Amino acid sequence: MKAASVATGGARPEQDTSFFGHPRGLSTLFFTEFWERWGYYGMRSLLILFMTAAAADGGLGFDIPKASAIYGLYTAMVYMASLPGGWAADRLFGQRRSVMFGGIIIAIGYLALAAPRVDVFYFALVTVIAGTGLLKPNISTIVGQIYAPGDHRRDAGFSIFYMGINMGAFFAPLFCGLVARAYGWRTGMALAGIGMALGVVQYVAGWKHLGDAGLHPVRMSAGDDGRQRRRFWMSVIVLAAAAAAGLLLDRAGVVSISAQSLVNAAGTVLLLVTIGLFGWMFFAARWTGEERKRLMAIAVLFLASTLFWSAFEQAGSSLNLFAARSTDNTIFGWEYPASWLQSVNGFFIWTLAPLFAWIWIRLGSREPSSPAKFAWGLVFLGLGFVVLVGGAALAAGGAKVSPLWLVATYLLHTLGELCLSPVGLSAITKLAPARVAGLMMGVWFLSISIGNYLGGRIASLYEALPLAGLFGAVGAFAIITGLLLALFVRPVTRLMGGVK
């Protein structure tokens, strides 16, 4: 691959081992994603606690159904924005510049959270969504591009990249939680913006190590390029005008825009986007026979991913509330922030990702296929909720239970995540047709978006159902889904046309 050759001073991709046996450009992407995830998980660890905290304590005073709805909507839109972000990179900016623009916009959004106004809070969330849509799918696409076709290090490289993600996820809740306790919720969340700003500086400094990877958009005819740009900016203007009009009408009392109405509308949009996207993929677009089969495999992985994240993303909502309300968060008489338990998953991935990367390489030809790894991921996820049923039952009478219940749950969830998430990122880069690589990465993140949306709906039942029953139902569903997927591993693998 020419991109890697430029990045490594003339070494062929398969010879470049300057970053722990991987191309040097992986380090630039590793640390950029570290700071982006620092921001996301730092704010995520505080978000629902901030929204449900009383106004006297510096929070917004929302009830759990409203806060869960906003949390689910925000996290869903963060990933849904990857679709237009991937398209914009493919057609307008290139992946490389899209990551830079996205990082700058994200930093602005997080820093805006320091403002003590509810309307600025919503503006900040929208800004972070827009920036993440540009950054998130495209940095993952660049990771795939720094490896030569057929390079056996690709899955291991994504596991190392994923370790960088979760180093940020580990450290951010610790620091943001302490700052939030000492200086207030908003200051703790604004700390996320400082981290993202550092990430942008690091990314620009390491630009030269990426060669030509992700540098240019897909070139069409001059006329098509011009039309694409006009359509993009027209869409941005229309969306901004519609949002401004809605806010003005709400302020004037003409219409009433509530969190619940926005959540319902978002669910409809997600459904229509998914139907439209897959309708285009299978009926409108022109693909070769091999490409069409691989797109069918992507559809199966899409469904499994959606179901996985709908349960896994309880971590930031229902499990975070369980940590704050039903867990004994004291050590040697000192009470630590409940948000600290959000670091457990990041710690486990940080420590276990290298082991998984080694295992995949060590297995060689015996390495399980991507669908098989997905099935294992769902089963591990379900077992984590089954474990927590015991802790929820003990806490039913108002008692505070040991944090080890959540630690055990997060350990099993981490095993599931390592079987599915980095594997899914790698599979998409291998299965997607090159001319729509960014868009297909957006499809992958759309599955996470729908999962987050469904997860917010599930979390809204936190006070409506017994927790043991809620966690047990989620766990059973995940395990059954994993076992069903295991039955179809061979047919799906055949659709992948030799891609594992």
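List the relative contact order of region 360-471 as a percent without decimals, with contacts defined as Cα pairs under 8 Å and 6+ residues apart.
About 34 percent, as a whole number.
So what is the calculated 222 nm ellipticity per residue for the chain, using -39500 (n - 2.57) for each DSSP H run with n of 4 or more, over all residues, to the nearest 500 deg cm²/dmol?
It lands at -25000 deg cm²/dmol.
By Kyte-Doolittle mean hydropathy of at least -0.5 and Cα axial length of at least 27 Å, which whole DSSP H helices of the chain are selected?
For the chain, where a helix must reach 27 Å along its axis and average at least -0.5, the hits are 25-52, 118-145, 154-183, 185-205, 222-251, 259-279, 289-312, 343-363, 370-394, 404-431, 437-459, 467-487.
Number of Lys pairs in the chain with C-alpha atoms less than 19 angstrom apart, excluding same-chain neighbours closer than eight positions?
Numbers: Lys2/Lys208; Lys2/Lys430; Lys136/Lys430; Lys293/Lys430; Lys293/Lys500; Lys373/Lys430; Lys373/Lys500; Lys430/Lys500.
Taking the Cα cut-off of 19 Å, the pair count is 8.
Skipping prolines and chain starts, which residues have an amide H placed within reach, meaning under 5 Å, of the one on Thr327, given they are 5 or more residues away or on another chain?
Val401
How are the alpha carbon pair distances in region 80-142 distributed across 10 Å bins from zero to the largest one, expressed in percent?
27, 46, 21, 5
Based only on Cα atoms, what Rg/Rh ratio does the chain have, Rh being taken as Kirkwood's radius?
0.95
Need the C-alpha centroid separation for region 413-433 versus region 138-211, integer Å.
17
Given 0.36 nm per residue, what is the gain on full extension from Phe175 to Leu355 after removing their alpha carbon distance, in nm?
Length gained between Phe175 and Leu355: 62.1 nm.
Over the chain, what is the relative contact order in whole percent, taking alpha-carbon pairs under 8 Å and six or more residues apart?
The normalised contact order for the chain reaches 25 percent.
Considering the convex hull of the alpha carbon atoms of region 393-500, report its projected area averaged over all viewing directions, in nm², one decimal.
8.5
Return the Rg/Rh value of region 425-475, two decimal places, where both radii are evaluated on C-alpha atoms and Rh is the Kirkwood radius.
Taking Rg over the Kirkwood Rh, I get 1.25.
State, as an integer percentage, the relative contact order of region 20-128 based on alpha-carbon contacts under 8 Å between residues 6 or more apart.
Result for region 20-128 is 15 percent.
What is the ratio of the Cα radius of gyration of region 306-405 to 2.2 N^0.38 Å, with N the residue count, to two decimals?
1.31
If eta is 1.306 mPa s and T is 10 °C, what Stokes-Einstein diffusion coefficient results for region 32-92, Kirkwood Rh from Cα pairs, in µm²/s?
120
What span do the alpha-carbon atoms of region 350-394 cover on each of the three principal axes, reported in whole Å from largest to smallest?
Principal-axis extents of the Cα atoms in region 350-394, largest first: 45, 24, 11 Å.
Bear in mind these aren't lab numbers, they're just calculated from the coordinates by the rules spelled out. Remember, it's a predicted structure, so these values are computed and weren't measured experimentally.
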